[in-house]
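S.K.: Below is the structure I would like to discuss, written out as structure tokens.
Just so you know, all these numbers are worked out from the coordinates, no wet-lab data involved. Just so it is clear, the model here is predicted, and its values are computed rather than measured. Cβ sites come from the backbone with ideal geometry, for glycine too, and all protein chains shown count toward neighbours.
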Amino acid sequence: MSNFVDFRNVWLAYNDELLAQGHFAVEDISLQVTEGEFIAIVGPSGCGKSTFMKLTTGLKMPSRGTIHIGGAPVTGPLKISGMAFQAPSLLPWRTTVDNVLLPLEIVEPYRSSFKARRKEYEAKARDLLKSVGLGGYEDKFPWQLSGGMQQRASICRALVHEPKMLLLDEPFGALDAFTREELWCALRDLHAAQKFNVILVTHDLRESVFLADTVYVMSRSPGRFVVKRDIDLPRPRDLEVTYTPQFTDIVHELRGHIGASRQPVGGTSASVPQ
């Protein structure tokens, strides 16, 4: 399979002064993500996980190295990605369905045909909301929804324009454990149905092992990938798998790596073993 995301020896300093001093937020990141792959990135706070996201979306340009996504070099903000964050950030004056429609109003090629095709787009948004359990809530306002419902709507908004890549930055971190696991299953089903790429940044090791094909562990700042762990649990996965010894062994293994030193075992290069 072809690589959809391709980082080659990427370094980032946040400004020229820090660059001159050799102070980097992330160092020597190399990774290749295949088409449709779901990866998760875990690591201690401040290790550069969110910086990695900014590089992936083209919001930040690397100080050194190259990034290709979908076969093209990243030269600015990407239009082929959708994003959802820890705070759902829905507009309070818009209904749930109108919040989900927002990308279609502002992103081409949908924007120019939005008025003419609004009914069609709205039907699509309503179907998406139904698929994550929000049928019946499409015309409610955000303040009428629970936190978990708002986050479901936020993920629908990130997917309504059919992006090739979904970027999730701690999307379930503010939710209770029961709601969080419900949303894991909703995301699992969306990914299985649509096969988009997912990059999930999370502190939750169980979440990363349940959802991802591959988990990367970042070192303390400046961030480097020190471990690449393929998650060989068969799909489709249900929550029962989280109680199995195989699952907990992987979680414990990753937890051990989080506290490990910045220096990868067996050499000086911090590139991820392929």
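S.K.: With r as the distance between the Cβ atoms of A193 and K115 and R0 = 25 Å, compute the FRET efficiency 1/(1 + (r/R0)^6) and round to 0.05.
M.R.: On the way: r = 29 Å, r/R0 = 1.15.
So, using R0 = 25 Å, E works out to roughly 0.30.
S.K.: Let me ask another. Taking the mean number of other Cβ atoms within 10 Å as a proxy for protection, how do you rank 202-208, 241-247, 20-26 from highest to lowest? Walk me through the intermediate numbers first.
M.R.: Details: 202-208: 20.6, 241-247: 12.3, 20-26: 16.3.
Output ranking for 202-208, 241-247, 20-26: 202-208, 20-26, 241-247.
S.K.: For region 6-141, taking Cα atoms only, what is the radius of gyration to one decimal and the Dmax to the nearest whole Å?
M.R.: Here Rg and the maximum Cα pair distance are 18.8, 56 Å.
S.K.: Here's something else I'd like to know. Pairs K60/K119; K60/K228; K119/K195; K140/K164; K60/K195; K195/K228: which exceed 32 Å Cα-Cα? Spell out each step's value before the answer.
M.R.: Details: K60/K119 36 Å; K60/K228 24 Å; K119/K195 26 Å; K140/K164 29 Å; K60/K195 26 Å; K195/K228 21 Å.
Exceeds cut-off: K60/K119.
S.K.: Ok, one more. For region 86-163, just list the percent of Cα-Cα distances falling in each 5 Å bin from zero outward, please.
M.R.: With a bin width of 5 Å, the distribution comes to 3, 18, 31, 25, 15, 6, 1.
S.K.: Most exposed first by the Cβ proxy, i.e. fewest other Cβ within 10 Å, how do M83, M61 rank?
M.R.: Numbers: M83 21, M61 12.
Ranked by crowding around the Cβ, least crowded first: M61, M83.
S.K.: Once each part is reduced to its C-alpha centroid, what is the distance from region 19-45 to region 48-80 in angstrom?
M.R.: 11 Å
S.K.: Still on this model: For the residue pair R235 and A72, what label-to-label distance in nm results when each label sits 7 Å from Cα along the Cα-to-beta-carbon direction?
M.R.: For R235 paired with A72, the spin-label model returns 2.6 nm.
S.K.: If the viscosity is 1.002 mPa s and the temperature 20 °C, what Stokes-Einstein diffusion coefficient in µm²/s follows for the chain when Rh is the Kirkwood radius over Cα pairs?
M.R.: Numbers: Rh = 19.5 Å.
Once the numbers are plugged in, D ends up at 110 µm²/s.
S.K.: Additional query: Kirkwood hydrodynamic radius, region 142-195, all distinct C-alpha pairs: what's the number in Å? It would help to have the intermediate numbers written out before the result.
M.R.: On the way: mean 1/r = 0.0851 Å⁻¹.
One decimal place: 11.8 Å for the Kirkwood radius.
S.K.: Hey, another quick one. What number, rounded to the nearest 500 deg cm²/dmol, is the helix-based mean residue ellipticity at 222 nm of the chain, given -39500 (n - 2.57) per DSSP H run of at least four residues and division by all its residues?
M.R.: Only helices count here, giving -10500 deg cm²/dmol.
S.K.: Report D for region 124-268 in µm² per second (integer): Stokes-Einstein, Kirkwood Rh on Cα pairs, 37 °C, 0.692 mPa s. Could the numbers behind the result be given before it?
M.R.: Values: Rh = 16.7 Å.
Diffusion coefficient, whole number: 196 µm²/s.
S.K.: With the contact rule set at Cα under 8 Å and sequence spacing of 6 or more, what percent relative contact order holds for the chain?
M.R.: On the way: 496 pairs, mean separation 70.0, N = 274.
Relative contact order comes out at 26 percent.
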